[in-house]
Amino acid sequence: MKDTDMDDPIIPFDLKRMLVGDHPALFYLEIVVRTAVMYAYTLAMVRWVGGRSLAQLSMVDFLLVIALGSAVGDAPFYPDVPLIAAMLVVTTVIVINKFMDKMVERSDRAKEIIDGHPVALARSGRLLPEGLAERDLSPLEVKGMLRVAGISNLGQVESAYLESGGGLSVFRREHPLPGLPIVPPRYVEPIQPLIETGDAVEGRACCVNCGELRRASNVLPDRPCRSCGATIWTQAVEARDSEPGLID
């Protein structure tokens, strides 16, 4: 027996269906009311969360944003989703997040499990491959983050840490070392590789990947870097702190 209740076929590019749909006109006023209610309620709940979650987005806070987006986004325009149900979801998610915030405040172990821990990305003028691997970062990404922090040469860096909240903390050397220039970026102006030992000023060379500083005679022309394994070396230069962005 044939099914006589099959849905009507969809007509492609039906402007009435695309723009207006099949809802009664008064339902669009209901959408406005639903949106206003959910917006006001979610704003009140997010304000209750407090400063930590708004000051920095940890992994848990990203989950909060995703969960709230789903709960708040469905209720305004799905007629079969009651507002009370959506508000209950929002409340539950906020309470769970608030509970985790309290755990983080009271326990360093809980903070490490929930938010993670800082990772060293650079030390003494060179990038640390083990730190980059732990956070799945490339040297190019870290160099970009250092440029944002005002660093023009890896020799200026005493240490740099990726904090659990995602920010980069950079500590400058009082007296910069000769190091790898990262300004301008290599895609703007390619780094010139060193080939001959005699071309190295004061006999210094640095790895173009991580900034490892070595005697040119020990690594040229193509010996692998002992830190990251790269085989391309360039001139180690100094950056003057009195002239940010300029390289000797």
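No value in this document is a laboratory result; all are computed from the given coordinates. Small disclaimer: the values here were computed from a predicted structure and weren't measured. With ideal geometry, Cβ positions are generated from the backbone for all residues, glycine too; neighbour counts draw on all protein chains shown.
Dipole of the chain computed with +1 at Lys/Arg Cβ and -1 at Asp/Glu Cβ about the Cα centre; of VAL90, GLY203, SER164, farthest Cα towards the positive end is GLY203.
Quick test of your reading: applying the under-4.7 Å Cβ rule, which cysteines of the chain are isolated? So far as the 4.7 Å Cβ criterion goes, CYS206 stand without a partner in the chain. Computed over the range 52-166, the alpha-carbon pair-distance distribution with 10 angstrom bins reads 12, 31, 24, 19, 10, 3, 0, each value a whole percent. Across all Cα pairs in the chain, the calculated P(r) in 5 Å bins from zero up to the longest distance comes to 1, 6, 10, 11, 10, 9, 7, 7, 7, 8, 7, 6, 5, 3, 2, 1, 0, 0, 0 percent per bin. Simple rule: put +1 on each Lys or Arg Cβ and -1 on each Asp or Glu Cβ in the chain, find the dipole, and look at VAL237, GLY150, ILE10; the Cα lying farthest toward the positive end is VAL237.
For the chain, what is the charge dipole size about the Cα centre, in debye to the nearest 20, if Lys and Arg each add +1 at the Cβ and Asp and Glu each add -1 at the Cβ?
Working: 25 positive and 32 negative charges, 153 e Å.
For this selection, approximately 740 debye.
Rounded to the nearest 500, the 222 nm mean residue ellipticity of the chain from helices alone is -12500 deg cm²/dmol, with -39,500 (n - 2.57) taken per DSSP H run of at least 4 residues.
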